[in-house]
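Beneath this line is the structure, given in structure tokens, with notes to follow.
The values are calculated or read from the model by the stated rules, or taken from the named source; none is laboratory data. Note that the structure is a prediction, hence the values are computed from the model and not measured. Cβ coordinates were reconstructed from backbone atoms using ideal geometry, including for glycine residues, and neighbour counts include every protein chain displayed. Keep in mind that these areas ignore ligands, DNA and RNA; they rest on the heavy atoms of the full protein, side chains included. Shrake-Rupley method; radii C 1.70, N 1.55, O 1.52, S 1.80 Å.
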Amino acid sequence: MFKRILLATDGSTHSLRAAEAARDLANLVPEAGITVIHVLPLTPELTMELQKELDSAEFTFEEALNEKARPIFKRTLEVLGNGNFSVQTRLETGHAADQIAQAANSGHFDLVVIGSRGLGNWQEILLGSVSEKVCHSIHIPVLIVK
Ligand SMILES: Nc1ncnc2c1ncn2[C@@H]1O[C@H](COP(=O)(O)OP(=O)(O)O)[C@@H](O)[C@H]1O
Ligand SMILES: [Mg+2]
């Protein structure tokens, strides 16, 4: 049974559709749980942006990261609503596909739910680079939502 679901979200329309699918599935499975994972890439641009926030306010680096991810989690949690399942959020930093795959392969999940595409501009491609890499590198079932 797909009881422990890992839902990957970047805030894109596709990932919100993935959230709908995860929600509908979790509502069918007794005692299901959804873990929403978002990965912030620590690019030089983001690091500089966060550093500015740290300089202007009394934020810790971790708090600044949480602030950055907050709107993405918020939108996703709104889609999930108050269903018959538990919800957790998990914020990681680094390379999105690697972090999602590492979580998926940890033994804590039965299914990954992911959007086919994300925030990229390549409308004509079938799979984005994150969803493609995750599909290739995980050992558990994956539901790709178009
Ligand atoms: N940084 C991220 N954190 C978590 N999930 C992500 C991230 N980036 C992409 N995803 C997941 O992968 C799906 C496909 O996105 P992606 O492969 O990046 O496509 P694109 O190339 O169009 O941006 C998204 O719908 C989302 O579910
Ligand atoms: Mg992307």
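Observations, loosely collected:
- Annotation: of all residues in the range 102-116 being within 15 Å of ligand 2 (Cβ to nearest atom) and in contact with a Lys or Arg (Cβ under 8 Å, 6 or more places away or on another chain), the one that is farthest from Glu31 (Cα to Cα) is Ser116.
- If only residues of the range 1-36 that are part of a loop (DSSP other than H, G, I, E, B), out of contact with any Lys or Arg (no Cβ under 7 Å at 6 or more places or on another chain) and not hydroxyl-bearing (Ser, Thr, Tyr) are counted, the one that is surrounded by the most Cβ atoms within 10 Å (Cβ to Cβ) is Asp10.
- Filter result for the condition that a residue is open to solvent by 70 Å² or more (accessible area, probe 1.4 Å), touching a residue at least 24 places away in the same chain (Cβ under 8 Å) and either over 12 Å from the mean Cα position of the chain (by Cα) or within 16 Å of ligand 2 (Cβ to nearest atom) (or both), over His95, His136: His95
- Residue match in the range 82-89 (condition: within 16 Å of ligand 2 (Cβ to nearest atom) and open to solvent by less than 40 Å² (accessible area, probe 1.4 Å)): no
- Unique match (being away from ligand 2 (no atom under 15 Å from the Cβ), over 17 Å from Arg4 (Cα atoms), open to solvent by 30 Å² or more (accessible area, probe 1.4 Å) and part of a loop (DSSP other than H, G, I, E, B)) among Glu58, Glu67: Glu58
- Scanning the range 84-101 for residues that are closer than 14 Å to Ile5 by Cα and not hydrophobic (A, V, I, L, M, F, W, C) turns up Asn84, Ser86, Gln88, Thr89, Arg90.
- Applying the set (1) open to solvent by 50 Å² or more (accessible area, probe 1.4 Å); (2) touching a residue at least 60 places away in the same chain (Cβ under 8 Å); (3) near ligand 1 (Cβ under 7 Å from one of its atoms) to Gly118 leaves exactly one unmet item: (1).
- Residue check for Gln102: of a type in the set (S, T, N, Q), surrounded by 14 or more Cβ atoms within 10 Å (Cβ to Cβ) and within 17 Å of the chain's Cα centre (by Cα): yes
- Yes/no for Val145 being open to solvent by less than 50 Å² (accessible area, probe 1.4 Å), of a type outside the set (Asp, Glu) and within 15 Å of ligand 2 (Cβ to nearest atom): yes
Let's see how each residue does on (1) closer than 17 Å to Ser15 by Cα; (2) more than 10 Å from ligand 1 (Cβ to nearest atom); (3) of a type in the set (A, V, I, L, M, F, W, C):
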| residue | (1), (2), (3) |
| --- | --- |
| Leu80 | yes, yes, yes |
| Gly94 | no, no, no |
| Leu111 | yes, yes, yes |
| Gly128 | yes, no, no |
